[in-house]
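I have placed the structure first, in the form of structure tokens, so that the comments after it can refer back to it.
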Amino acid sequence: MTEVNADLVGRVFSGTPPCVVSAVKIAEFAEAVGAHSPLHHDTAAARAAGHTDVIAPVTFAVVIAQRAEAEYINSPEAGIDFSRVVHANEAFTAHRPIVAGDRLHAAVHVDAVTERAGIAMVSTRCEITDDAGDPVSSVTSTLAVRGADA
Amino acid sequence: MSALAADVGVGAELFSATRSVDRAALVRYAGASGDFNPIHWNERFALEVGLPGVIAHGMLTMGVAGSALTDWLDDPTDVLSYGVRFTRPVPVPDPGAVELLIVATVGAVDAGAGTARVDLRVTVEDKTVLGKAQAQVRLH
């Protein structure tokens, strides 16, 4: 058995302050994952392609999602011992590109907690929206949390 | 540089690419992402928790494979969604680097939706490190 609290399924965590995305942060992340498209690095190229500024790489939303997920994972009532956590899967759906200058909000939904063989699978969905409330990105993540005897 | 043509066939190989990841890349990704888990930079800590040594962030491996695809495309926004399972840790030696082999093939075509599923096979020394690594890509 793990200590993960299944009663939190259905709960939404949205207390993380908004994230203002900068061109510097996008370039830094793009460099780190080896994304070399000029649309991540060159404002003029991004504008020529119809964007207001440089756009973020395909997995950039994880920066916002993981920060927001921490509010849930670190909450005492979640019952998650982070030293026993392994990342099981991750997926991104882009509703529109993330662009430098965006001010983004994150709401983390606890979608499922299932337990078998002493391992809890914790599935979250982070819905990222812009200042207008329009959807930008959905990030789903499953963590495997080992129990003390697993 | 390319785009996926509407008449692309299932099974077509789009590209094959290798990417090196060394310890410096892990430090860089930690800083860029804000993920400072010591298993990704502290050998002593990684060994203490039962790992073979410092391992790459799963999200770095996912990001590098995704970047290989978005760099191959003319327009990175052609990737509408992208998901993976983390199936095996990727130890990163010191000194040296681990080599990721990324092979992209077309897994399915949905002409009605104007999209194709691109499957990314990501291996280290012939062993798969990302399972079900799939991207939904816009057709042109």
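If the condition is being farther than 17 Å from B:G9 by Cβ and buried (at least 19 other Cβ atoms within 10 Å of the Cβ), then the stretch B:90-106 contributes B:V90, B:V92, B:V98, B:L100, B:I102.
Let's see how each residue does on (1) aromatic (F, W, Y); (2) more than 11 Å from the chain's Cα centre (by Cα); (3) under 30 Å from A:S22 (Cα atoms):
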site	(1), (2), (3)
A:P97	no, yes, yes
A:A100	no, yes, yes
A:T114	no, yes, no
A:I119	no, yes, no
A:S123	no, yes, yes
A:C126	no, no, yes
A:D131	no, yes, yes
A:S141	no, no, yes
A:R146	no, yes, no
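This table checks each residue for (1) in contact with a Leu (Cβ under 7 Å, 6 or more places away or on another chain); (2) among the aromatic types (F, W, Y); (3) modelled with pLDDT under 95.
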position	(1), (2), (3)
A:S83	no, no, yes
A:H87	yes, no, yes
A:G101	no, no, no
A:H105	no, no, no
A:R125	no, no, no
A:D134	no, no, no
A:T140	no, no, no
A:L143	no, no, no
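For A:A148, the conditions (1) touching a Leu at 6+ places or on another chain (Cβ under 6 Å); (2) among the aliphatic types (A, V, I, L, M); (3) not in a strand (DSSP E or B) are fulfilled apart from (1).
Being of a type in the set (K, R) and touching a residue at least 24 places away in the same chain (Cβ under 8 Å) narrows it down to one residue among A:R84, A:R47; which is it?
On the way: A:R47 fails: touching a residue at least 24 places away in the same chain (Cβ under 8 Å).
Within the list A:R84, A:R47, the selection yields A:R84.
Scan B:V79, B:V137, B:V109, B:V129 and give me the residue that is buried (at least 16 other Cβ atoms within 10 Å of the Cβ), closer than 30 Å to B:G50 by Cβ and either under 12 Å from the mean Cα position of the chain (by Cα) or in contact (Cβ under 8 Å) with a residue 12 or more places away in the chain (or both).
Details: B:V79 fails: closer than 30 Å to B:G50 by Cβ; B:V137 fails: closer than 30 Å to B:G50 by Cβ; B:V109 fails: closer than 30 Å to B:G50 by Cβ.
Exactly one residue qualifies, and that residue is B:V129.
If the condition is being assigned to a loop (DSSP other than H, G, I, E, B) and either at the interface with chain A (Cβ under 10 Å from one of its Cβ atoms) or within 19 Å of A:V62 (Cα to Cα) (or both), then the stretch B:40-66 contributes B:V49, B:A56, B:H57. Taking the stretch A:7-55 as the range and being at the interface with chain B (Cβ under 9 Å from one of its Cβ atoms) and under 18 Å from the mean Cα position of the chain (by Cα) as the test, the residues that pass are A:K25, A:E28, A:F29, A:A30, A:A32, A:V33, A:I55. Annotation: of all residues in the stretch B:1-39 being assigned to a strand (DSSP E or B) and touching a Ser or Thr at 6+ places or on another chain (Cβ under 7 Å), the one that is farthest from A:A30 (Cα to Cα) is B:E13. Any chance the stretch A:10-22 includes a residue that's at pLDDT 95 or above, touching a helix residue (DSSP H, G or I) at 6+ places or on another chain (Cβ under 6 Å), within 17 Å of A:G101 (Cα to Cα) and surrounded by 23 or more Cβ atoms within 10 Å (Cβ to Cβ)? No, the stretch A:10-22 contains no residue that is at pLDDT 95 or above, touching a helix residue (DSSP H, G or I) at 6+ places or on another chain (Cβ under 6 Å), within 17 Å of A:G101 (Cα to Cα) and surrounded by 23 or more Cβ atoms within 10 Å (Cβ to Cβ).
Table: residues versus (1) buried (at least 21 other Cβ atoms within 10 Å of the Cβ); (2) free of Cβ contacts under 8 Å to residues at least 60 places away in the same chain; (3) within 15 Å of the chain's Cα centre (by Cα).
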residue	(1), (2), (3)
B:G9	no, no, no
B:A12	no, no, no
B:V21	yes, no, yes
B:A30	no, yes, no
B:E43	no, yes, no
B:M62	yes, no, yes
B:G83	no, yes, yes
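Of the residues B:L69, B:L101, the single one that is closer than 17 Å to A:A30 by Cβ, outside any loop (DSSP other than H, G, I, E, B) and of a type outside the set (S, T, Y) is B:L69.
Per-residue answers, yes or no, for (1) under 28 Å from A:A48 (Cβ atoms); (2) of a type outside the set (A, V, I, L, M):
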{"position": "B:A5", "(1), (2)": "yes, no"}
{"position": "B:E13", "(1), (2)": "no, yes"}
{"position": "B:R19", "(1), (2)": "yes, yes"}
{"position": "B:R23", "(1), (2)": "no, yes"}
{"position": "B:R28", "(1), (2)": "no, yes"}
{"position": "B:N42", "(1), (2)": "no, yes"}
{"position": "B:H57", "(1), (2)": "no, yes"}
{"position": "B:S67", "(1), (2)": "yes, yes"}
{"position": "B:V109", "(1), (2)": "no, no"}
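For B:A6, the conditions (1) among the small types (G, A, S); (2) away from chain A (no Cβ under 13 Å); (3) in contact with an Asp or Glu (Cβ under 9 Å, 6 or more places away or on another chain) are fulfilled apart from (3).
The values are calculated or read from the model by the stated rules, or taken from the named source; none is laboratory data. Computed from a predicted structure; not experimentally measured. Cβ coordinates were reconstructed from backbone atoms using ideal geometry, including for glycine residues, and neighbour counts include every protein chain displayed.
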